[in-house]
Amino acid sequence: MITRRTLLKSIGVSAAATALPQSSGSARTADVIKPIVVSTWNFGMAANAEAWKILSANGRALDAVEAGARVPEADPKNQSVGLGGLPDRDGIVSLDACIMDELGNAGAVFDLEEIVHAVSVARRVMEHSPHVNLSGPGALQFAIAEGFKKENLLTDASRAAWEKWKAENNYTPHDYIKNHDTIGILAMDATGNLSGACTTSGLAWKYHGRVGDSPIIGAGLFVDNEVGAACSTGKGESVVKIVGSHTVVEMMRRGAPPQEACEEAIHRIAKKQPDHKEFQVAFLAIDRNGEAGTFAIQKGFQFAMTTPKGASLVDGKSLL
C-alpha cells in the first residue's frame, strides 16, 4: 500500500518538510522594520505621506491606511479612484472599496455612487453595522445616514474622456492593461499591528453594476495579523478567480517571503488564464517583519514604500 509518506519520499520530499509554520514572521524579530506603509502605483507616494503622519506619531495602522486611501479618492486628477474617476459605459461613476483591521474585522462597499470617500464608508460598515458588505443604493443610503454628503463624481475631464470613448468605440468595455490603477495600501504600526485598505472607481467604461476584486475581502485585500497583508491591482476578474490576496497571505503563512508569495500568485494566474498577456495584474504584500514584495504580469508596475529610513518609489518585477 502506498502511503502519503511513501509518496513524498518517492518524489524527494520528506514528510518533515511539509510541516507548516504558524507564522512567517517569528524567526527574524531582530530585523523587524516598523512602522511601514506600502501602496500601489506612483500616486501611492502622496497616500503614504498622509498615512505616515499617523504612523510616525505611534498611531494605529487602521487609521493610517484610511487616511492614505482618502488622498487619491479626493484628487480629481486621479481618474481611477474616487472623485473624477472614469465612469462606466453609461457615464456613471461608481466606487468600490474595502478595509480590514488587525483583528480580522472588515467592511466593504460595492457600486457606491455620489460619495467621494468610499473607503471611509467601508470603515463605517465595519464599525457601525453588523455586516461586511453593502452595495448600490443600500450602500448610498447607509453612507447618507452616517453623515456623508452626496457629490457629483463626474468631473469635466472624465466626462470629456467618456464622450471621446463613446465616439470611438462600440459601447464595449476594453483595455485591461491601461485601466487598472486601483490603490491598495498596507501598513504595520509601531505596535506591530497590520491593516489594509483598497479603493477604486473600477474599470473605465465597464458595464453598469460591474464589481471587480477591490472590495472583495480575500481578493483585492486580505490581512492576517499573525502573518502579513496583501492587496492587488489590475484586472479584478482575474484576481477574483484565484482569491488573489488571500492566496498571497496563505503562501506567506507557509513560510514564503512576500516576494515569492506574490510571484506564485501571478504564476497561478498565468497558468490558469491563457489570455494573461492581454491584461495587467499586480500583487503587493508585507509580512510581520516589515518585508515587502511585489510581482506583476506586465512591466511598469510601481509601488510606494515609507519606513523610518525614508520614502521611495520602487519598480516592481514582472512576468513579461
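Some observations on this one:
- Taking 0.36 nm per residue of separation and subtracting the current Cα-Cα distance, fully stretching the chain between residue 311 and residue 277 would add 9.1 nm.
- Amide H to amide H distances under 5 Å link residue 295 with 283, where only residues 5 or more positions off or on other chains count and H is placed in the peptide plane.
- Carbon + sulfur, % of accessible area of the chain - ligands and nucleic acids excluded, 1.4 Å: 52 percent
- Rounded to the nearest 500, the 222 nm mean residue ellipticity of the chain from helices alone is -9000 deg cm²/dmol, with -39,500 (n - 2.57) taken per DSSP H run of at least 4 residues.
- Relative to the dominant Cα principal axis of the chain, helix 61-73 is inclined by about 40°.
- Separation in nanometres of the label points that stand 7 Å from Cα toward Cβ, at residue 46 and residue 259: 3.1 nm
- The antiparallel fraction among DSSP beta bridges confined to the chain stands at about 90%.
- Trypsin sites (Lys or Arg not before Pro) lying in DSSP loop within the stretch 55-119, provided at most 15 other Cβ fall within 10 Å: 77
- Distant-in-sequence amide H partners of residue 290 (H built 1.01 Å from N, under 5 Å): 33
- Relative to one another, the C-alpha centroids of the stretch 45-67 and the stretch 251-293 are positioned 25 Å apart.
- The peptide list 41-48, 245-252, put in order of mean Cβ contacts within 10 Å with the highest first, becomes 245-252, 41-48.
- Backbone phi angles across the stretch 260-269, fed through the Karplus curve with coefficients 6.51, -1.76 and 1.60 (θ = phi - 60°), yield HN-Hα couplings of 5, 5, 5, 4, 4, 5, 5, 4, 5, 4 Hz in residue order; Gly and Pro are listed as x.
- Among the chymotrypsin sites (Phe, Trp or Tyr not before Pro) within the stretch 197-275, those in coil by DSSP and having at most 14 neighbouring Cβ atoms inside 10 Å are 207.
- Mean separation of Cα contacts under 8 Å (6+ apart) over length of the chain, as relative contact order %: 22 percent
- Normalising the average separation of contacting C-alpha pairs (under 8 angstrom, six or more residues apart) by the number of residues puts the relative contact order of the stretch 61-135 at 25 percent.
- Zone of residue 151's modelled label, taken as backbone nitrogen in the stretch 56-97 under 16 Å from a point 7 Å along Cα→Cβ: 67-86, 93-96
- Whole-Hz ³J(HN,Hα) from phi, Karplus 6.51 cos²θ - 1.76 cosθ + 1.60, for the stretch 95-105, glycine and proline x: 10, 10, 7, 8, 8, 8, 9, 6, 9, x, 6
- Karplus (6.51, -1.76, 1.60) ³J(HN,Hα), θ = phi - 60°, over the stretch 138-152, in Hz, Gly and Pro reported as x: x, 5, 5, 4, 5, 4, 5, 5, 8, x, 6, 9, 6, 8, 6
- Å² of accessible area per residue within the chain, as computed with a 1.4 Å probe and no ligands counted: 43 Å²
- Helix 156-168 axis, angle to the chain major axis (alpha carbon atoms, nearest 10°): 90 degrees
- Reported label for calculated Kirkwood radius over Cα pairs in Å given (i) 26.3; (ii) 19.7; (iii) 20.9: (ii)
- Chain lengthening between residue 270 and residue 171 when straightened (0.36 nm per residue, less Cα-Cα): 32.8 nm
The values are calculated or read from the model by the stated rules, or taken from the named source; none is laboratory data. Fair warning: this is a prediction, and the values are worked out from it, not measured in the lab. Every residue, glycine among them, receives a Cβ derived from its backbone with ideal geometry; neighbour counts consider all protein chains shown. Note: accessible area is taken over every heavy atom of the protein model, side chains too, but ligands, DNA and RNA are not part of it. Shrake-Rupley method; radii C 1.70, N 1.55, O 1.52, S 1.80 Å.
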